[in-house]
Amino acid sequence: MLSFLEKGFVLYIMTAICVVGVIGKLGVNHIYRRLIRQSDNLTTAQDRQLRQLKTKYETAYRMNVGVHNVLAFVEKNVSGYKKGAFCIRKLENIALNCSLCASLLSFLYEAEVKTVVMQASIGTILAISMVLVDSIVDTKTKRESLISSLCNYLTNVLVVRTPQELAEER
(Lines give C-alpha, C1' and ligand atoms only; values in the text may rest on other atoms or scores of the structure.)
Protein backbone atom coordinates (compact mmCIF):
# COMPACT_ATOMS: atom_id res chain seq x y z
CA MET A 1 0.00 0.00 0.00
CA LEU A 2 2.87 2.34 0.76
CA SER A 3 4.35 1.86 -2.70
CA PHE A 4 0.97 2.83 -4.13
CA LEU A 5 1.18 6.13 -2.27
CA GLU A 6 4.82 6.77 -3.00
CA LYS A 7 4.37 6.27 -6.74
CA GLY A 8 1.82 9.06 -6.77
CA PHE A 9 -1.24 7.14 -7.94
CA VAL A 10 -3.39 8.89 -5.36
CA LEU A 11 -2.41 12.22 -6.89
CA TYR A 12 -3.50 10.98 -10.30
CA ILE A 13 -6.81 9.83 -8.86
CA MET A 14 -7.33 13.18 -7.13
CA THR A 15 -6.56 15.02 -10.37
CA ALA A 16 -8.93 12.78 -12.33
CA ILE A 17 -11.72 13.45 -9.83
CA CYS A 18 -11.19 17.19 -10.21
CA VAL A 19 -11.17 16.93 -14.01
CA VAL A 20 -14.51 15.11 -13.83
CA GLY A 21 -15.82 17.93 -11.64
CA VAL A 22 -14.67 20.61 -14.08
CA ILE A 23 -16.16 18.78 -17.06
CA GLY A 24 -19.45 18.35 -15.21
CA LYS A 25 -19.57 22.01 -14.26
CA LEU A 26 -18.81 23.14 -17.81
CA GLY A 27 -21.50 20.77 -19.10
CA VAL A 28 -24.09 22.31 -16.77
CA ASN A 29 -22.99 25.76 -17.89
CA HIS A 30 -23.52 24.77 -21.53
CA ILE A 31 -26.97 23.32 -20.78
CA TYR A 32 -28.09 26.46 -18.96
CA ARG A 33 -26.80 28.76 -21.70
CA ARG A 34 -28.68 26.76 -24.33
CA LEU A 35 -31.88 26.71 -22.28
CA ILE A 36 -31.71 30.48 -21.67
CA ARG A 37 -31.43 31.08 -25.41
CA GLN A 38 -34.40 28.82 -26.12
CA SER A 39 -36.55 30.23 -23.32
CA ASP A 40 -36.95 33.58 -25.05
CA ASN A 41 -39.45 32.02 -27.45
CA LEU A 42 -40.88 28.69 -26.36
CA THR A 43 -42.84 28.23 -29.59
CA THR A 44 -39.58 27.55 -31.42
CA ALA A 45 -37.85 25.73 -28.56
CA GLN A 46 -35.96 22.63 -29.63
CA ASP A 47 -35.68 21.18 -26.14
CA ARG A 48 -38.33 18.58 -25.40
CA GLN A 49 -38.69 19.49 -21.72
CA LEU A 50 -39.17 23.20 -22.47
CA ARG A 51 -41.92 22.32 -24.95
CA GLN A 52 -43.54 20.12 -22.28
CA LEU A 53 -43.41 23.02 -19.81
CA LYS A 54 -45.20 25.25 -22.30
CA THR A 55 -47.78 22.56 -23.05
CA LYS A 56 -48.50 21.97 -19.35
CA TYR A 57 -48.99 25.69 -18.82
CA GLU A 58 -51.28 26.04 -21.85
CA THR A 59 -53.28 23.00 -20.78
CA ALA A 60 -53.83 24.46 -17.33
CA TYR A 61 -55.22 27.65 -18.88
CA ARG A 62 -57.40 25.81 -21.40
CA MET A 63 -58.96 23.83 -18.57
CA ASN A 64 -59.74 27.17 -16.84
CA VAL A 65 -57.59 26.11 -13.90
CA GLY A 66 -54.76 28.55 -14.45
CA VAL A 67 -51.44 28.60 -12.66
CA HIS A 68 -51.57 30.81 -9.61
CA ASN A 69 -47.89 30.67 -8.70
CA VAL A 70 -45.89 30.75 -11.93
CA LEU A 71 -42.55 30.95 -10.12
CA ALA A 72 -43.20 27.73 -8.20
CA PHE A 73 -44.41 26.03 -11.40
CA VAL A 74 -41.26 27.00 -13.28
CA GLU A 75 -38.88 26.16 -10.41
CA LYS A 76 -40.43 22.72 -10.06
CA ASN A 77 -39.99 22.02 -13.76
CA VAL A 78 -36.44 23.39 -13.90
CA SER A 79 -35.42 21.40 -10.81
CA GLY A 80 -36.71 18.22 -12.41
CA TYR A 81 -34.86 18.87 -15.68
CA LYS A 82 -32.86 15.83 -16.76
CA LYS A 83 -30.15 15.55 -19.33
CA GLY A 84 -29.63 11.93 -20.15
CA ALA A 85 -29.62 9.94 -16.92
CA PHE A 86 -28.53 12.87 -14.74
CA CYS A 87 -30.67 15.45 -12.99
CA ILE A 88 -29.26 18.91 -13.62
CA ARG A 89 -29.40 19.83 -9.91
CA LYS A 90 -27.07 16.94 -9.10
CA LEU A 91 -24.70 17.95 -11.87
CA GLU A 92 -24.62 21.49 -10.45
CA ASN A 93 -23.21 20.16 -7.19
CA ILE A 94 -20.59 17.95 -8.82
CA ALA A 95 -17.78 20.48 -8.38
CA LEU A 96 -18.33 20.70 -4.65
CA ASN A 97 -18.56 16.93 -4.28
CA CYS A 98 -15.43 16.32 -6.35
CA SER A 99 -13.38 18.89 -4.46
CA LEU A 100 -14.46 17.39 -1.16
CA CYS A 101 -13.63 13.90 -2.38
CA ALA A 102 -10.21 14.97 -3.62
CA SER A 103 -9.42 16.70 -0.34
CA LEU A 104 -10.47 13.74 1.78
CA LEU A 105 -8.62 11.26 -0.41
CA SER A 106 -5.32 12.78 0.64
CA PHE A 107 -5.89 11.77 4.29
CA LEU A 108 -7.04 8.24 3.52
CA TYR A 109 -3.86 6.32 4.15
CA GLU A 110 -1.31 6.53 6.92
CA ALA A 111 2.12 7.11 5.50
CA GLU A 112 5.14 9.27 6.11
CA VAL A 113 4.43 12.82 7.17
CA LYS A 114 6.08 14.14 4.02
CA THR A 115 3.75 12.12 1.78
CA VAL A 116 0.62 13.08 3.68
CA VAL A 117 1.55 16.77 3.70
CA MET A 118 2.26 16.70 -0.03
CA GLN A 119 -1.04 14.99 -0.80
CA ALA A 120 -2.96 17.28 1.53
CA SER A 121 -1.47 20.37 -0.08
CA ILE A 122 -2.21 19.13 -3.58
CA GLY A 123 -5.74 18.18 -2.50
CA THR A 124 -6.22 21.66 -1.12
CA ILE A 125 -4.93 23.25 -4.31
CA LEU A 126 -7.27 21.09 -6.39
CA ALA A 127 -10.20 21.96 -4.12
CA ILE A 128 -9.42 25.66 -4.43
CA SER A 129 -9.22 25.32 -8.22
CA MET A 130 -12.63 23.61 -8.23
CA VAL A 131 -14.13 26.45 -6.17
CA LEU A 132 -12.54 28.91 -8.60
CA VAL A 133 -14.08 27.11 -11.59
CA ASP A 134 -17.41 27.08 -9.77
CA SER A 135 -17.27 30.83 -9.22
CA ILE A 136 -16.19 31.54 -12.80
CA VAL A 137 -18.94 29.42 -14.36
CA ASP A 138 -21.57 30.67 -11.86
CA THR A 139 -24.41 28.28 -12.65
CA LYS A 140 -26.60 29.66 -9.87
CA THR A 141 -26.93 32.98 -11.69
CA LYS A 142 -27.65 31.19 -14.95
CA ARG A 143 -30.31 29.09 -13.23
CA GLU A 144 -31.97 32.22 -11.82
CA SER A 145 -31.78 33.86 -15.24
CA LEU A 146 -33.44 30.83 -16.84
CA ILE A 147 -36.22 30.82 -14.25
CA SER A 148 -36.88 34.55 -14.65
CA SER A 149 -36.87 34.25 -18.44
CA LEU A 150 -39.36 31.37 -18.34
CA CYS A 151 -41.58 33.20 -15.83
CA ASN A 152 -41.51 36.29 -18.02
CA TYR A 153 -42.47 34.34 -21.12
CA LEU A 154 -45.26 32.42 -19.42
CA THR A 155 -46.82 35.40 -17.65
CA ASN A 156 -46.39 38.11 -20.28
CA VAL A 157 -46.49 36.33 -23.62
CA LEU A 158 -48.36 33.07 -23.20
CA VAL A 159 -51.09 34.34 -20.85
CA VAL A 160 -51.98 37.09 -23.31
CA ARG A 161 -51.98 34.73 -26.26
CA THR A 162 -53.91 31.85 -24.68
CA PRO A 163 -57.27 33.67 -24.17
CA GLN A 164 -57.05 34.99 -27.72
CA GLU A 165 -56.50 31.47 -29.04
CA LEU A 166 -59.46 30.21 -26.97
CA ALA A 167 -61.68 32.93 -28.44
CA GLU A 168 -60.58 31.99 -31.98
CA GLU A 169 -61.38 28.32 -31.35
CA ARG A 170 -64.98 29.17 -30.41
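The values are calculated or read from the model by the stated rules, or taken from the named source; none is laboratory data. Bear in mind that the values here come from a model prediction, so they are computed numbers and not experimental data. Please note: Cβ atoms are built from the backbone with ideal geometry, for glycine as well, and neighbour counts cover all protein chains shown. When the accessible area is computed, the model is the full protein with side chains, heavy atoms only, and any ligands, DNA or RNA have been set aside. Shrake-Rupley method; radii C 1.70, N 1.55, O 1.52, S 1.80 Å.
Assorted remarks:
- Hey, D47 of a type in the set (D, E) and touching a residue at least 40 places away in the same chain (Cβ under 8 Å) or not: no
- Options L91, L71, L100, L105; residue that is among the hydrophobic types (A, V, I, L, M, F, W, C) and modelled with pLDDT under 75: L105
- Scanning region 25-44 for residues that are part of a helix (DSSP H, G or I), in contact (Cβ under 8 Å) with a residue 40 or more places away in the chain and either at positive phi or open to solvent by 80 Å² or more (accessible area, probe 1.4 Å) (or both) yields L26, R33.
- Residues that are assigned to a loop (DSSP other than H, G, I, E, B), open to solvent by 60 Å² or more (accessible area, probe 1.4 Å) and β-branched (V, I, T) do occur in region 64-75, at least one of them.
- Hey, V22 open to solvent by less than 70 Å² (accessible area, probe 1.4 Å) and either touching a Leu at 6+ places or on another chain (Cβ under 7 Å) or hydroxyl-bearing (S, T, Y) (or both) or not: no
- Between V159, V133, the distinction of being closer than 26 Å to D47 by Cβ, at pLDDT below 75 and in a helix (DSSP H, G or I) belongs to V159 only.
- Among the residues examined, L50 qualifies as buried (at least 18 other Cβ atoms within 10 Å of the Cβ), more than 12 Å from the chain's Cα centre (by Cα) and modelled with pLDDT of 85 or more.
- Flag if V78 is of a type in the set (V, I, T), open to solvent by less than 90 Å² (accessible area, probe 1.4 Å), assigned to a loop (DSSP other than H, G, I, E, B) and closer than 20 Å to N156 by Cβ: no
- Condition met for K83 (of a type in the set (K, R) and surrounded by 13 or more Cβ atoms within 10 Å (Cβ to Cβ)): yes
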